[in-house]
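Structure, as C-alpha cells:
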Amino acid sequence: MGLGLTGSAMLSAEAGIINNFLWNDLWTFGDISSSQRGWLKRVKRLLKFNLICLTGLIFNLLIVNLLFNLFGINEYLAKLMAIATASFWNFWVNMKLSWRVTQIDK
C-alpha cells in the first residue's frame with residue numbers, strides 16, 4: 001500500500017484493535033453485548049475500546065523503553081513485562097468501561 005513503516009504500523013495496530021473488539025463484543029462479552037443492542041451502542045463500545053487499547057499501546061511503548069533503556073533489562077523480558085501490563089490494563093479497563101452493565105441496560 002506504500003504507507004511506509006509508521007503508516008503500516010498504525011494501520012496494522014488499528015486493524016488488530018478492531019479485530020479484538022469484534023471478538024470481544026461477540027464472544028468474550030457477548031452476553032453483555034446482547035443486552036446492549038443497537039448500532040449506536042456498538043459504535044460507542046468500539047470508540048471506548050479503541051481509546052483504551054491505544055492508551056494500552058502507549059503504556060506498552062513507555063514500559064518497554066523505560067525497562068530496556070533506563071534499567072537495562074533484556075529487550076525480550078522488557079517486552080514480555082510490557083505486554084503483560086498492557087494486556088491487564090486493556091482487559092480490566094474495557095471490562096469496567098466498554099462492557100459495563102448499567103441499570104439502563106438491565
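For this structure, a couple of remarks:
- Residue of Phe59, Phe71, Phe29 that the Gaussian network model of the chain assigns the largest fluctuation, springs spanning Cα pairs under 10 Å: Phe71
- For the chain, the number of Lys pairs with C-alpha atoms closer than 17 Å, counting only pairs eight or more positions apart or on separate chains, is 5.
- The chain, relative contact order in percent, only Cα pairs under 8 angstrom and at least six apart counted: 30 percent
- Which label in (i) 45, 15, 10; (ii) 19, 16, 14; (iii) 30, 18, 10 gives the computed semi-axes √(5λ) of the Cα gyration tensor in Å: (iii)
- Rounded to whole Hz, the Karplus (6.51, -1.76, 1.60) HN-Hα couplings of the range 40-45, x for glycine and proline: 5, 5, 5, 5, 4, 4
- Paramagnetic reach from Met10 (point 7 Å along Cα→Cβ, amide N under 16 Å) across the range 38-69: 51, 54-55, 57-58
- Residue-span extension gain [Lys41 to Glu75] - 0.36 nm each, minus C-alpha spacing: 8.2 nm
- Taking Asn69, Asn20, Asn94 as the candidate residues, the one with maximal mean-square fluctuation in a Gaussian network model of the chain, Cα springs under 10 Å, is Asn69.
- Helix 4-23 and the longest principal axis of the C-alpha atoms of the chain enclose an angle of approximately 40°.
- Using just its DSSP H runs of length 4 or more, each adding -39500 (n - 2.57), the chain gives a mean residue ellipticity at 222 nm of -24500 deg cm²/dmol after division by all residues.
Each reported figure results from applying straightforward, stated rules to the coordinates on display, with no laboratory input. Please read these numbers as outputs of a predicted model, since none were measured by experiment. Positions of Cβ are generated from backbone atoms using ideal geometry, with glycine treated the same way; all protein chains shown enter the neighbour counts.
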